[in-house]
Amino acid sequence: MEIKKEIDKHLEDFRFLSETDLKKLQEVSLVRSYKKGQVLFDPGDSRTHIFFLHSGVVRLERVDSSASFFYLHFINQKNLFPRTGLFYDSSYHVSAVAHTDIEIISIPIKVFEEVMSHNNQQLMLWIKSLSDDLKIQTVKIQKGAINNAYDRITTTLAIICHDLGTKVYPQKIVTIPCLMTINDIARASG
């Protein structure tokens, strides 16, 4: 994988960056590979990098101290993560685990924040992306709070299809690019 081809204006997360800013990000970024099940970071780890997922699927998860609440979210390729905490978090608040074999670009957070801090158009896209994520998480919480397991599972499957799915034409079906166990669906459904 070539960093210059990935960190480029063709992706929404970098669309409004200047050539100088793109070059700055490209120069300090590193390519890394992880095998399925490897942990990229845990809650409380120092937040030093933001990651661009080139290939594979990453699972963001968090369990509360009583193990009664479980947060699970999947990140598909060609996305930056974690999106929360830009400019103010000093540590990660979830775990990131390779759900499949993955290849990522690791971008130092200080450089990324510096580049973003003087680009209003790119910040507006970032805020829109966070807003879209918040809407989906709100639906997930609303459906997760009801007693009807069918509705919770249906909502979870719809969110997984939205986040990871690829439409296949002309069959008009959606495929998920990785194995999804019933335990994953149960945990994501609450």
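As an exercise: evaluate residue 87 against (1) closer than 28 Å to residue 160 by Cα; (2) among the aromatic types (Phe, Trp, Tyr); (3) out of contact with any strand residue (DSSP E or B) (no Cβ under 6 Å at 6 or more places or on another chain) and give the number of the one condition it does not meet.
Among (1) closer than 28 Å to residue 160 by Cα; (2) among the aromatic types (Phe, Trp, Tyr); (3) out of contact with any strand residue (DSSP E or B) (no Cβ under 6 Å at 6 or more places or on another chain), residue 87 violates only (1).
Given (1) in contact with a His (Cβ under 8 Å, 6 or more places away or on another chain); (2) among the aromatic types (Phe, Trp, Tyr); (3) surrounded by fewer than 17 Cβ atoms within 10 Å (Cβ to Cβ), identify the lone condition not met by residue 74.
The one condition residue 74 does not meet is (3).
For residue 59, are the conditions met, namely being assigned to a strand (DSSP E or B), out of contact with any Cys (no Cβ under 9 Å at 6 or more places or on another chain) and open to solvent by 80 Å² or more (accessible area, probe 1.4 Å)? Quick ask: steps written out before the conclusion?
On the way: assigned to a strand (DSSP E or B): yes; out of contact with any Cys (no Cβ under 9 Å at 6 or more places or on another chain): yes; open to solvent by 80 Å² or more (accessible area, probe 1.4 Å): no.
So residue 59 fails the test.
Go through region 119-165 residue by residue and tally those that are of a type in the set (Gly, Ala, Ser), modelled with pLDDT of 85 or more and farther than 22 Å from residue 14 by Cβ.
Count: 0.
So which residues in region 39-56 are under 15 Å from residue 92 (Cβ atoms) and not aliphatic (A, V, I, L, M), if there are any at all? Steps first, answer last, please.
Of region 39-56, the ones under 15 Å from residue 92 (Cβ atoms) are 39-51.
Hits for region 39-56 are 41, 42, 43, 44, 45, 46, 47, 48, 49, 51.
If we keep just the residues of region 70-106 that are under 10 Å from the mean Cα position of the chain (by Cα) and assigned to a strand (DSSP E or B), which is nearest to residue 135 (Cα to Cα)?
73
The values are calculated or read from the model by the stated rules, or taken from the named source; none is laboratory data. Everything numeric here is computed off the predicted structure, so don't read it as measured data. We place every Cβ from the backbone using ideal geometry, glycine too, and count neighbours over all the protein chains shown. Protein only, heavy atoms only, side chains kept; ligands, DNA and RNA dropped before computing areas. Shrake-Rupley method; radii C 1.70, N 1.55, O 1.52, S 1.80 Å.
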